Amino acid sequence: MTDILDFFEALARPFMARSLATALILASICAIVGIFVILRRMVFLVDGISHSAFSGGALAILIGSNPLLTITLFSVLSAFSIGAIKEKGKLNNETAIGIIFSFTMALGIIFVGLIRTYTTGVQGLLFGSVTSIDEEEFAIIVLTAIGVVAAMLLLKQKFFFMTFNEELAKAYGLPVRALSYAFLAIVSLVIVVCLKAVGVILQIAMIVTPAACAYQLTYNTNKMLLLAIVIALVGAFLGFMLGYVLEIAPSASIIAVYTAIFVVTMVASPKRRHKRAMLDEKMCIECNRALAATGACEYCDVDAAAGHDGHEHGGEHANH
């Protein structure tokens, strides 16, 4: 066991600085994606794609190929398969994810069973190690993070609109089907770059927990997004430092810190005191419908407590 001063001195070493930077970058993009995962009620999706990525990694170990290629292939294909089953089979997300989740896990077990030589690769896929990220992998993470952030900034409003009222989004001419598959692809890429650092087992917490913390604190979606990023960064830094000081796996300590933060936000959540806001007669039908269901007008992205004074609603809901 070391002390905190040793931790800050250790950051002068390139591999330590790279490891911390990796944790912070991954925490940020996981938080961004996590908000939409929470709002779209697709938490199980993350788990399903993570286990698909594990199957891709196991196949790479078995045949001796580049794991990044097979992991990406399995992740994206499984995500698109989930979307296709939901769309064509007229099934809900949980059913589609459950089918693909079970199938890819079965494949992963088969691949692991066929590996005849001893390897630590399987354990690495399950638990990850942020301190084992090399320069090439770090460059891939940075480039992927830039792409994810750019895509989310470009599509953020469309994703929010589609999340809260898919039928209305279709009526306004948004390409809902293409946006759904784009979201699945983004989630898949985030999972791929997180796999070696976090591992399959802790992947879901990395994406979901900071977003769940932010969800406890506000109805405003923009504030929720910013809070999730801040919580993810603070939790990742504290967790990484705790892991170094206690000489335990940084990924596990990061998730432990995230969980502690979640408990605090859940207890202190203003939503516990204001479970549902009163409907406002000044609002249009769509805002009232959203407010009745969730306690906030998500289309306007206005905090329920702030009211709708001065907020204009066109006859055709033009501002939504």
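Tell me yes or no: at least one residue of the stretch 243-254 is of a type in the set (Gly, Ala, Ser), within 26 Å of Lys156 (Cβ to Cβ), buried (at least 18 other Cβ atoms within 10 Å of the Cβ) and at pLDDT 90 or above. Scanning the stretch 243-254 turns up no residue that is of a type in the set (Gly, Ala, Ser), within 26 Å of Lys156 (Cβ to Cβ), buried (at least 18 other Cβ atoms within 10 Å of the Cβ) and at pLDDT 90 or above.
Reported count of residues in the stretch 85-127, each being assigned to a loop (DSSP other than H, G, I, E, B) and modelled with pLDDT of 80 or more, is 1.
Results for (1) closer than 20 Å to Ser81 by Cβ; (2) at pLDDT below 90; (3) under 17 Å from the mean Cα position of the chain (by Cα), shown as yes or no for each residue.
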position	(1), (2), (3)
Thr163	no, yes, yes
Glu167	no, yes, no
Tyr172	no, yes, no
Val187	yes, no, yes
Val192	yes, yes, yes
Val208	no, no, yes
Ala236	no, no, yes
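Each residue in the stretch 133-143 was checked for being over 18 Å from Ser75 (Cβ atoms) and exposed (fewer than 13 other Cβ atoms within 10 Å of the Cβ), and 4 of them qualify. In summary, Thr2 fulfils each of the numbered conditions (1) out of contact with any Asp or Glu (no Cβ under 9 Å at 6 or more places or on another chain); (2) outside any helix (DSSP H, G or I) with the single exception of condition (1). Condition (residue is crowded, with 24+ Cβ neighbours inside 10 Å and within 30 Å of Gln216 (Cβ to Cβ)) applied to the stretch 110-129: is it met by at least one residue? So far as the stretch 110-129 goes, yes, one or more of its residues are crowded, with 24+ Cβ neighbours inside 10 Å and within 30 Å of Gln216 (Cβ to Cβ). When Phe36, Phe44 are screened for being hydrophobic (A, V, I, L, M, F, W, C), surrounded by fewer than 24 Cβ atoms within 10 Å (Cβ to Cβ), under 10 Å from the mean Cα position of the chain (by Cα) and in a helix (DSSP H, G or I), only Phe36 passes.
When residues in the stretch 144-178 are screened for being over 28 Å from Leu195 (Cα atoms), among the small types (Gly, Ala, Ser) and surrounded by 13 or more Cβ atoms within 10 Å (Cβ to Cβ), 1 of them pass.
The values are calculated or read from the model by the stated rules, or taken from the named source; none is laboratory data. These numbers come from a predicted model, not from an experiment. Neighbour counts are summed over all protein chains in view; Cβ atoms, including those assigned to glycine, are modelled from backbone coordinates with ideal geometry.
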